[in-house]
Amino acid sequence: MTHPFSLQGKVGIVTGLANQDSIAYGCAQALHEAGAEMLVTYASPKAERFVTPLSGEMGHPELRLCDVQDDDQLNALFDRAHERWGRLDFVVHSIAFAPLDDLHGRVVDCSRDGFKLAMDVSCHSFLRMAKRAESLMPHGGTLVCMSYYGAERVVDNYNLMGPVKAALESATRYLAAELGPQGIRVHAVSPGPIRTRAASGLKDFEALAQESEEHAPLRRLATVRDVGNAVVYLASPAGAATTGSLHYVDAGDHIRY
């Protein structure tokens, strides 16, 4: 009998790799060790020198450049999955961006262009990926995105990303309802503060991380590998009866607010 947490023979896409501190890296490692094959993407040619040395720990996946705002690159990514496997079993969306001027200011002061860009990269790109994945999941599959507690409650300095992640979480629920009859499950994972490159863009992030570490019930921060292990569960047969969930991986930090 197949182990319920096994992903042996499963294939998918993991997006958002930047370096060894990326949530995407923790996901790719865990998915590989569970038996999956992947295409793993990075957003900029500048990132190539940081991501290439990580290949071995992820099982030597095919690394691809993919800027999610470039429809040609996004189409090429899913075309490659179709060419290589003819299907997809999972897609992990680990991408977020907001211009620093808008991110560091008040939400009420954010620019129209900054809001549109943050929403496009951080939220609508998940919808675009889901649309392309749908036809490659005729027998079902799993879509996963990354959120944060600042979507639900006001977290100092999270600012513009709060409304953007709230939209992402709502989109997750609607996608789960729309795609569920086809056996496609959709989840948002909500890690606590993790010292990633993206997090470093938040004002006073280190203070937020230290506070979380001191007050979370488990008295630690989650790691990128903790997030990856959760994604394995959600994408595996063990998570077959779950969809539309917001899955916290934050050492219990969310219960403090």
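The values are calculated or read from the model by the stated rules, or taken from the named source; none is laboratory data. Owing to the predicted nature of the structure, the values given are computational and were not obtained by experimental measurement. Cβ sites come from the backbone with ideal geometry, for glycine too, and all protein chains shown count toward neighbours. Just the protein is used for accessible areas: all its heavy atoms, side chains included, with ligands, DNA and RNA removed. Shrake-Rupley method; radii C 1.70, N 1.55, O 1.52, S 1.80 Å.
Under the Kirkwood approximation for Rh and a Cα-based Rg, what ratio Rg/Rh is obtained for the chain? It would help to have the intermediate numbers written out before the result.
Details: Rg = 17.2 Å, Rh = 18.3 Å.
That ratio is 0.94, to two decimals.
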Nearest-20 debye value, the stretch 164-245 charge dipole, Cβ charges on Lys, Arg, Asp, Glu: 200
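Which value, in Å to one decimal place, does the Kirkwood hydrodynamic radius take for the stretch 143-257 when every pair of different Cα atoms is included?
14.7
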Amide hydrogen neighbours beyond the local backbone of VAL91, cut-off 5 Å, H modeled: ILE13, THR142, LEU143, VAL144
Alpha-carbon radius of gyration plus Dmax, which is the widest Cα pair, for the stretch 122-180 in Å: 13.0, 43
Among PRO61, ALA238, ILE255 - extreme Cα towards positive end, dipole of the chain, charges at beta-carbon: ALA238
Candidate residues MET129, MET119: accessible-area rank, largest first, probe 1.4 Å: MET119, MET129
Whole-Hz ³J(HN,Hα) from phi, Karplus 6.51 cos²θ - 1.76 cosθ + 1.60, for the stretch 167-178, glycine and proline x: 5, 5, 5, 5, 4, 4, 5, 5, 4, 4, 5, 6
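With the convex hull built on the Cα atoms of the stretch 24-97, state its orientation-averaged projected area in nm². Provide the component values of the computation, followed by the final result.
Details: hull surface 19.9 nm².
Directional mean of the projected Cα hull area for the stretch 24-97 stands at 5.0 nm².
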Value of Rg to Rh for the stretch 75-143 (Rh from inverse mean 1/r over Cα pairs, i.e. Kirkwood): 1.15
Cα long-axis angle, helix 23-33 against the chain (0 to 90 degrees, to the nearest 10): 30
Accessible-area value, SER135, 1.4 Å probe, nucleic acids and ligands omitted, Å²: 90
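On the accessible surface of the chain, probed at 1.4 Å, how many percent belong to carbon and sulfur atoms? Mind dumping the intermediate values first?
Details: 6090 of 11970 Å².
Ligands and nucleic acids excluded, carbon and sulfur reach 51 percent.
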Among HIS104, MET129, PHE115 - extreme Cα towards positive end, dipole of the stretch 77-140, charges at beta-carbon: MET129
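Whole number in Å², please: accessible area per residue of the chain, 1.4 Å probe, ligands, DNA and RNA not counted. Can you show the working numbers first?
Numbers: 11970 Å² over 257 residues.
So the chain comes to 47 Å² accessible per residue, rounded to a whole number.
Take HIS215, HIS247, HIS93 and sort them by solvent-accessible surface of the protein heavy atoms, 1.4 Å probe, largest at the top.
The ranking, largest first, comes out as HIS215, HIS247, HIS93.
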